[in-house]
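Worksheet for the structure shown next.
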Amino acid sequence: MAVAMRGSRGGGSGFGGFSLRSFFSYRIFVSAMFSLLFIATLSVILTTNPSTPHHDSALPTTGNEYMRRTFLALNSDPLKTRLDLIYKQANDHVTLVNAYAAYARKLKLEISRQMRMFDDLASNFSDLQMKPGYRTALFESDGPLDEDVLRHFEKEVKDKVKIARLMIAESKENYDNQLKIQKLKDTIFAVNELLIKAKKNGAFASLIAAKSIPKSLHCLAMRLVEERISHPEKYKEEEPSPEFEDPSLYHYAIFSDNVIAVSVVIRSVVKNSVEPWKHVFHVVTDRMNLAPMKVWFKMRPVERGAYVEVKAVEDFTFLNSSYVPVLRQLESAKLQKFYFENRAENATKDTQNMKYRNPKYLSMLNHLRFYLPEMYPKLRKILFLDDDVVVQKDLTGLWKIDLDGKVNGAVETCFGSFHRYAQYLNFSHPLIRERFNPRACAWAYGMNIFDLDAWRLEKSTEQYHYWQNLNEDRTLWKLGTLPPGLITFYSKTKSLDKSWHVLGLGYNPSISMDEIRKAAVIHYNGNMKPWLDIAMNQYKKLWTNYLDNDMEFVQMCNFGL
């Protein structure tokens with residue numbers, strides 16, 4: 001039993017001994033193989049030229065490339081590695097500078113100075129490398145590099161790199177499209193803001209120039225008043241002429257506070273009429289201008305037998321606040337604040353509505369046109385003329401036009417989508433939307449033939465009162481007399497031939513002279529009135545042709561015409 005056990009241990013010992021010898025034999029074999037592989041690799045490496053600079057050698061792309069590059073890095077001159085990095089940095093910036101310069105040339109930008117600087121900088125980089133001292137000591141040397149020379153070279157390269165970076169940073173905005181677009185947008189926005197402000201200021205200045213009383217006109221009124229005071233015996237009140245109420249004659253209504261303008265209108269009518277002695281002019285002004293107006297027509301009687309009646313608004317006693325909505329509204333504290341406390345610095349905030357914030361639109365001289373049948377109860381027809389018109393032909397044909405039972409005869413002003421009811425009335429209001437067509441064609445005030453019998457039959461003044469009362473809060477339309485006129489005479493207006501009335505000489509410089517010459521009446525509607533310095537010169541002579549230049553006060557007041 002004991003023998004068997006020893007035999008068993010011996011057998012186990014024999015197996016363990018065999019495994020240990022096999023293990024050591026395997027390790028010796030592996031070590032030998034690695035030694036052979038290392039010797040072979042070393043022999044390949046030693047057969048190459050280790051002194052060749054990295055940027056001049058062509059490294060193979062075999063599996064031992066990593067080992068070779070590691071060996072070169074350990075055995076090469078560190079100054080040459082440093083030189084390679086400096087050289088690469090310089091070349092990178094030269095490429096960048098050349099790219100910006102080429103892009104600038106392609107865009108043909110007006111920055112020739114910058115392009116010259118880019119070109120000079122690129123040349124400086126090249127010249128720096130070609131300096132004899134650097135070329136000999138750094139780029140053509142097979143031996144170790146001089147550290148001092150390399151340090152100077154590195155300093156010069158870094159200085160030029162710094163300059164290049166600064167130039168690129170300054171110029172980037174010119175070549176970066178996104179930056180350029182954003183800057184352009186900002187510039188456009190700023191310029192647009194300035195333009196809007198300039199337009200508002202210009203509109204406000206134009207409004208002041210148009211609505212203020214010019215010095216020459218004020219001078220004329222004062223001279224006429226002085227004449228009235230100095231010679232009261234010459235200007236006694238006379239009995240009204242029976243022709244003022246004769247319905248068989250041609251009657252005109254002119255409502256104005258401008259003496260010289262009324263004179264031109266009447267003179268132009270009379271000079272172009274075939275039978276001037278049949279024409280009667282009803283001039284109505286305010287009390288302040290009543291004396292100057294009467295003195296003018298006393299000193300300068302209308303030629304060729306025409307008649308002129310001058311009255312003040314106050315002479316028509318029925319025009320009071322209990323009857324006239326505009327006068328009643330004018331007594332409202334809220335409305336007075338809106339118009340009379342409107343400060344100049346706030347006036348330019350709303351250029352669209354600025355002209356409507358003028359109290360003149362509440363003046364009875366503007367609204368008298370709605371009371372013609374009551375002002376002249378014995379007349380059957382009357383021709384309404386604004387004071388900024390010039391008559392070029394005989395107008396008697398207007399009284400012969402059959403108005404087909406309509407109240408108003410006027411020239412329509414719409415073309416395309418312009419000058420239609422939608423532009424003058426607030427169609428978001430249910431009353432306006434229900435009663436009127438937004439596409440209906442508007443017509444012009446300034447030359448209107450009114451059938452006063454049809455007016456009385458249609459009760460048009462009552463219609464005007466109804467709508468004017470509803471518009472006290474200005475929700476149906478803004479101020480002015482055209483919107484209530486469009487409402488009052490809606491479907492009651494007869495369209496006249498356009499040659500009777502040509503408009504726009506106070507704002508439109510593009511009206512053809514052929515159209516003007518064919519017109520019976522030309523109208524200086526707009527801000528550029530012919531008696532103002534801001535009038536358009538090409539149209540001004542058409543008005544001054546009828547100016548009474550022989551009148552001594554016109555010469556004394558220097559109208560500048």
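The values are calculated or read from the model by the stated rules, or taken from the named source; none is laboratory data. Please read these numbers as outputs of a predicted model, since none were measured by experiment. Positions of Cβ are backbone-derived with ideal geometry, glycine not excepted, and every protein chain shown enters the neighbour counts. In case anyone asks, the SASA skips ligands and DNA or RNA and just uses the protein heavy atoms, side chains included. Shrake-Rupley method; radii C 1.70, N 1.55, O 1.52, S 1.80 Å.
Overview of results
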{"item": "Tally of residues being open to solvent by 40 Å² or more (accessible area, probe 1.4 Å), under 22 Å from the mean Cα position of the chain (by Cα) and touching a residue at least 40 places away in the same chain (Cβ under 8 Å) across segment 207-222", "result": "1"}
{"item": "Residue list for segment 365-380, restricted to those being within 30 Å of Tyr539 (Cβ to Cβ) and open to solvent by 10 Å² or more (accessible area, probe 1.4 Å)", "result": "Leu365, Asn366, Arg369"}
{"item": "Failed item, numbered, when Asp246 is tested on (1) of a type in the set (D, E, K, R); (2) modelled with pLDDT of 95 or more; (3) crowded, with 19+ Cβ neighbours inside 10 Å", "result": "(3)"}
{"item": "Helices (runs of 4 or more DSSP H) wholly inside segment 311-353 containing at least 2 residues that are at pLDDT 70 or above", "result": "325-330"}
{"item": "Criterion violated by Trp543 - all others in (1) in a helix (DSSP H, G or I); (2) in contact with a Cys (Cβ under 9 Å, 6 or more places away or on another chain) satisfied", "result": "(2)"}
{"item": "For Leu249: the one exception among (1) within 24 Å of Asn549 (Cβ to Cβ); (2) touching a strand residue (DSSP E or B) at 6+ places or on another chain (Cβ under 6 Å)", "result": "(1)"}
{"item": "Residue in segment 241-262 that is part of a helix (DSSP H, G or I) and either in contact with a Cys (Cβ under 7 Å, 6 or more places away or on another chain) or of a type in the set (S, T, N, Q) (or both) present", "result": "no"}
{"item": "Residue list for segment 414-441, restricted to those being within 15 Å of Lys492 (Cβ to Cβ) and under 27 Å from the mean Cα position of the chain (by Cα)", "result": "Tyr421"}
{"item": "Candidates Val270, Val225 - the one that is in contact with a strand residue (DSSP E or B) (Cβ under 9 Å, 6 or more places away or on another chain), touching a residue at least 12 places away in the same chain (Cβ under 8 Å) and β-branched (Val, Ile, Thr)", "result": "Val270"}
{"item": "Top-ranked residue in segment 502-531 [being of a type in the set (A, V, I, L, M) and open to solvent by 60 Å² or more (accessible area, probe 1.4 Å); ranked as nearest to the chain's Cα centre (by Cα)]", "result": "Met528"}
{"item": "Phe281 closer than 27 Å to Thr396 by Cα and either of a type in the set (Lys, Arg) or touching a Phe, Trp or Tyr at 6+ places or on another chain (Cβ under 7 Å) (or both)", "result": "yes"}
{"item": "Residue match in segment 532-555 (condition: in contact with a Phe, Trp or Tyr (Cβ under 8 Å, 6 or more places away or on another chain), polar (S, T, N, Q) and surrounded by 14 or more Cβ atoms within 10 Å (Cβ to Cβ))", "result": "no"}
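Conditions tested, residue by residue: (1) surrounded by 15 or more Cβ atoms within 10 Å (Cβ to Cβ); (2) touching a strand residue (DSSP E or B) at 6+ places or on another chain (Cβ under 7 Å); (3) on the phi > 0 side of the Ramachandran plot.
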{"site": "Ala253", "(1), (2), (3)": "yes, yes, no"}
{"site": "Ala261", "(1), (2), (3)": "yes, no, no"}
{"site": "Val274", "(1), (2), (3)": "no, no, no"}
{"site": "Val280", "(1), (2), (3)": "yes, yes, no"}
{"site": "Ala291", "(1), (2), (3)": "yes, no, no"}
{"site": "Val308", "(1), (2), (3)": "yes, yes, no"}
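Every residue, every condition in (1) outside the structural domain of Ser428 (by the TED database); (2) within 30 Å of Pro430 (Cβ to Cβ); (3) of a type in the set (Phe, Trp, Tyr), yes or no:
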{"residue": "Tyr464", "(1), (2), (3)": "no, yes, yes"}
{"residue": "Trp467", "(1), (2), (3)": "no, yes, yes"}
{"residue": "Trp500", "(1), (2), (3)": "no, no, yes"}
{"residue": "Gly526", "(1), (2), (3)": "no, no, no"}
{"residue": "Asp533", "(1), (2), (3)": "no, no, no"}
